[in-house]
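**Q** The structure follows.
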Amino acid sequence: MEQMAKPTSQSKTLMTQLIFPLDTNHHDTMFGGKLMEYMDKVAAIAAMRHARMQVVTASTDNLDFLAPIRVGEVIEVEAFVTWTNRSSMEIYVSVHSENLYSGDRKTTVTAFFTFVALDQYGKPAPVPSVMPETEEEKQLHATAPDRHKLRKKRKQDRI
């Protein structure tokens, strides 16, 4: 049975965190691994909102650290489903940091995550397609098949 396409806005997920000293390294900048954990969680929530079932992380790519995040700054981790295949979903995750005293905001990290939806038996399950709404979402949706092909090739090259 064909499922109706879902608008991107239905999967959109946002997490806001204040960065404390325990979140940072000896440079007083945020641990990359801690940030990746937040990104994976937000991406998983976006995927579950879209699929309305269990999901697992299949891959992460194009994880680009663009600027350091400093102790005392606030981060916003945003994720939404950009494109789907049969049972997989590509999720775009972006992180913005904000200095609460100056109000300066910057994009600090972006990445694409791939999640697979699972049925009650733990097997891959079909997911609805996605309907992009904004210009950014439409551009990411249009370029997603090329990223999907690159992921498949990368996986094939490792086998």
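**Q** Read through the list (1) more than 22 Å from A44 (Cα to Cα); (2) among the hydrophobic types (A, V, I, L, M, F, W, C); (3) within 16 Å of the chain's Cα centre (by Cα), then give the number of the only condition that I69 fails.
**A** (3)
**Q** Within the range 43-58, can you find the residues that are under 20 Å from R154 (Cβ atoms) and either touching a Lys or Arg at 6+ places or on another chain (Cβ under 6 Å) or without any contact (Cβ under 8 Å) to a residue 60 or more places away in the chain (or both)?
**A** The first filter runs over the range 43-58 and keeps only residues under 20 Å from R154 (Cβ atoms), leaving 43, 56-58.
Correct list: T57, A58.
**Q** Among residues belonging to the range 92-131 that are aromatic (F, W, Y) and within 19 Å of A44 (Cβ to Cβ), point out the one that is surrounded by the fewest Cβ atoms within 10 Å (Cβ to Cβ). Don't jump to the end; show me each part of the working.
**A** Applying the first criterion (aromatic (F, W, Y)) to the range 92-131 yields 92, 101, 112-113, 115, 121.
Narrowing the set further to residues that are within 19 Å of A44 (Cβ to Cβ) leaves 92, 112-113, 115.
On the way: Y92: 23, F112: 21, F113: 26, F115: 27.
Residue satisfying both the conditions and the ranking: F112.
**Q** Take the residues in the range 129-140 that are out of contact with any His (no Cβ under 7 Å at 6 or more places or on another chain) and either assigned to a loop (DSSP other than H, G, I, E, B) or of a type in the set (K, R) (or both); name whichever of them is nearest to K6 (Cα to Cα).
**A** Taking the candidates together, the pick is S129.
**Q** Of everything in the range 15-31, what is part of a helix (DSSP H, G or I) and exposed (fewer than 11 other Cβ atoms within 10 Å of the Cβ)? Give them in sequence order.
**A** The first filter runs over the range 15-31 and keeps only residues part of a helix (DSSP H, G or I), leaving 21-23.
Correct list: P21, L22.
**Q** Also: What pairs come up if the first residue lies in the range 26-37 and is at positive phi, the second is surrounded by 16 or more Cβ atoms within 10 Å (Cβ to Cβ), and their beta carbons are under 7 Å apart, counting only those six or more places apart or on different chains?
**A** If the second residue must be surrounded by 16 or more Cβ atoms within 10 Å (Cβ to Cβ), the pairs left are D28/V71.
**Q** Now, a different point. Give just the number: which of (1) more than 30 Å from Q120 (Cβ to Cβ); (2) assigned to a strand (DSSP E or B); (3) touching an Asp or Glu at 6+ places or on another chain (Cβ under 6 Å) does K34 not satisfy?
**A** Going through (1) more than 30 Å from Q120 (Cβ to Cβ); (2) assigned to a strand (DSSP E or B); (3) touching an Asp or Glu at 6+ places or on another chain (Cβ under 6 Å) one by one, K34 breaks only (2).
**Q** Turning to a different aspect of this structure: Being in a strand (DSSP E or B), more than 24 Å from G32 (Cα to Cα) and either touching a residue at least 12 places away in the same chain (Cβ under 8 Å) or not hydroxyl-bearing (S, T, Y) (or both) is the requirement here; does A144 meet it? Even if it seems obvious, please write down each step before you answer.
**A** Numbers: in a strand (DSSP E or B): no; more than 24 Å from G32 (Cα to Cα): yes; either touching a residue at least 12 places away in the same chain (Cβ under 8 Å) or not hydroxyl-bearing (S, T, Y) (or both): yes.
No, not satisfied.
**Q** If I ask for residues that are among the hydrophobic types (A, V, I, L, M, F, W, C) and either under 16 Å from R52 (Cα atoms) or crowded, with 24+ Cβ neighbours inside 10 Å (or both), which ones from the range 73-91 would you list? Working first, answer last.
**A** Going through the range 73-91, the residues among the hydrophobic types (A, V, I, L, M, F, W, C) turn out to be 74-75, 77, 79-81, 83, 89, 91.
Selection gives A79, F80, V81, W83, M89, I91.
Read-outs throughout are calculated quantities, based only on the coordinates presented, and are distinct from any laboratory measurement. These numbers were taken from a predicted model, which means no experiment stands behind them. Positions of Cβ are backbone-derived with ideal geometry, glycine not excepted, and every protein chain shown enters the neighbour counts.
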